[in-house]
Amino acid sequence: MMIETAVALEYLVPSWWEIKVAVAASVFVIVSYWFFTFQGGDGCAGGDRSQLWENSGDGIVEDKDKMVQFKGDLQTNSPYLIKAELLAAKNLIAANLNGTSDPYAIITCGSQKRFSSMVPGSRNPLWGEEFNFSVDELPVQINVTIYDWDIIWKSAVLGSVTIPVESEGQSNAVWYSLDSTSGQVCLHIKTIKLPVNSSRGINGYAGANARRRISSDKQGPTVVHQKPGPLQTIFNLLPDEVVVHSYSCALERSFLYHGRMYVSSWHICFHSNVFSKQMKVIIPFEDIDEIRRSQHAFINPAITIILRMGAGGHGVPPLGSPDGRVRYKFASFWNRNHALRALQREAKNYRDMLEAEKKESEESALRAQSSSVRGGRSPAKAPEDNASKTEKLQSFIKEEVLVGIYNDAFPCTAEQFYNLLLSDDSSFTNEYRSVRKDTNLTMGQWHVADEYDGQVREITFRSVCKSPMCPPDTAMTEYQHYVLSPDKQKLVFETVQQAHDVPFGSYFEASSLSMVCGDQW
């Protein structure tokens, strides 16, 4: 019995040599951790290295602001473009115990926010990064707030300054004093007046989100009723964005912060919650310049997303680079090459959409309601002028691709047809959608549109999908347009439908054209 006990203790109790090895390994890990934390050894050159920005304190970006920033950048045309170049800062407050700081800046213009990279261990950081803002009118104010990043505590404010921009033109590089005991920041601001009808898209025209045809100035916002996904619950993006791809990965900093990447048709999003610190990165495809394969620590395959000049970081300070473009690096993919191909494919799809819209815009082709009446705009000189206005119907859809599906006579006039089936007081649409088992129907009011003769409205609902490649149901948006001739004898009714949850649903539309004519037509 004593012999068995001795043998058991020999195996269970560590030897003195094993204890020394464990202690030495622990000391090595602790020393390495503090070395990389305070000396900056994550593989980036000098001041180009970026660190984790904690989602707390004054440096937080509200999700609602993010949504306004990204959606607004794509959908709104603005007459002015402001280029703010963050050059450097000097004599910043020493926030670290070793007499240095780890500064990064948040540049704000209205609801638009941009993040600079973080320069570790410096009170005199050099950035040389440009941030572009689109505004509707002048004057505006640009606010620059500099924070000190800390791996444990919340980000501390090192100072801020608000700079008014009152007219177009450019100024020389100017040093602005911060509202703190010490510190200055150097900015070069240039304001450009854009041509009429120019856009804020990356290629000088409206982005793909313009296809959503939201006209908030004409009617209230459209609510698409569908079960919120991670893009809505975590990142507060619009309801019609769905996850196309999802990957488990890690954001590179001094060490890897593991989380999950979500890819939609408009954004690449990343969320991580490590050490009770949440990170949310939202990268619009319009800001991406290049997606390339890379390595982390020589052995861990990674993906680097390089943003275009002037885009700035979104949600978390990015990594800097000598050419002024910021970047995000993600590693620890289960299959890096598969994820890389998927991201590059989604980026190509997004740019293809933009190119298609640019081509259509140059051809003056409207992808909204399928056609419009294009008559003479001169004042009416005689009744026949008004009559000829409706005779010049030009269908946006080529007539050779239209397929007739129904032709019959109705015991009513075109005006009665409209009142019974299409007017705001009619219950036909509700009954029709109910018979089709559609749910969550929301109907807008008919209103005059600047782009079309007649009136337009928008309805949304959820429709059942029977295809094995589709979800059980999908959010639908139907844009309706009608023109009733002055003599009430001819009605043109057109619809365009878009499916939001169907894979690649934004690439196609279902259009219909109906004409109701009186006997004399």
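The values are calculated or read from the model by the stated rules, or taken from the named source; none is laboratory data. If you're wondering where the values come from, they're calculated on a predicted model, not measured in any experiment. Neighbour counts are summed over all protein chains in view; Cβ atoms, including those assigned to glycine, are modelled from backbone coordinates with ideal geometry. For the accessible areas, the whole protein counts, side chains as well, though only heavy atoms, and no ligand, DNA or RNA atoms are used. Shrake-Rupley method; radii C 1.70, N 1.55, O 1.52, S 1.80 Å.
Each residue of the stretch 300-306 was assigned a 3J(HN,Hα) from its phi angle through the Karplus curve 6.51 cos²θ - 1.76 cosθ + 1.60 (θ = phi - 60°); the sequence is 9, x, 9, 10, 10, 9, 9 Hz, with glycine and proline shown as x. Extension gain, MET443-GLN455: 0.36 nm per intervening residue step, less the Cα-Cα distance, totals 2.9 nm. Once backbone amide H atoms are built at 1.01 Å from N, GLN295 has ALA302 as its partners under 5 Å, excluding neighbours fewer than 5 places away on the same chain. Derived scalar couplings between HN and Hα for the stretch 403-414 equal 10, x, 10, 7, 8, 7, 9, 10, x, 7, 8, 4 Hz in order, rounded to whole Hz, by the Karplus curve 6.51 cos²θ - 1.76 cosθ + 1.60 (θ = phi - 60°), x for Gly and Pro. So how far apart, in nm, are the two label points at LYS358 and TYR432 if each is 7 Å from Cα heading toward Cβ? Using points 7 Å along Cα→Cβ, the separation is 3.8 nm.
Accessible area per residue was computed with a 1.4 Å probe on protein heavy atoms; VAL174 scores about 50 Å². If you plug the beta carbon distance of GLN416 and THR233 into 1/(1 + (r/R0)^6) with R0 = 60 Å, you get a FRET efficiency near 0.80.
Peptides 495-501, 271-277, 308-314 ordered by packing proxy, namely the average of other Cβ atoms within 10 Å per residue, highest first: 308-314, 495-501, 271-277. Label positions at SER182 and ALA297, each projected 7 Å from the Cα along the C-beta direction, are separated by 3.7 nm. Between SER276 and GLU137, what's the calculated FRET efficiency when r is the beta-carbon distance and R0 is 51 Å? Round to 0.05. The pair SER276/GLU137 has a calculated efficiency of 0.75. Between TRP175 and VAL27, the simple label model (points 7 Å from Cα in the Cβ direction) yields a spacing of 4.7 nm.
Backbone amide hydrogens, once placed in the peptide plane, bring VAL242 within less than 5 Å of SER265, excluding anything fewer than 5 places away on its chain. Using a probe of 1.4 angstrom, how much of the accessible area of the stretch 412-492 is carbon and sulfur, in percent? Here carbon and sulfur together make up 52 percent of the probe-accessible area.
Per-residue extension of 0.36 nm, minus the Cα-Cα distance of ILE192 and ASN124, leaves a gain of 21.5 nm for this segment. Quick one: which of LYS193/LYS329; LYS90/LYS113; LYS280/LYS466; LYS358/LYS490; LYS466/LYS490; LYS90/LYS193 span more than 26 angstrom between C-alpha atoms? Over 26 Å Cα-Cα: LYS193/LYS329; LYS280/LYS466; LYS358/LYS490; LYS466/LYS490; LYS90/LYS193.
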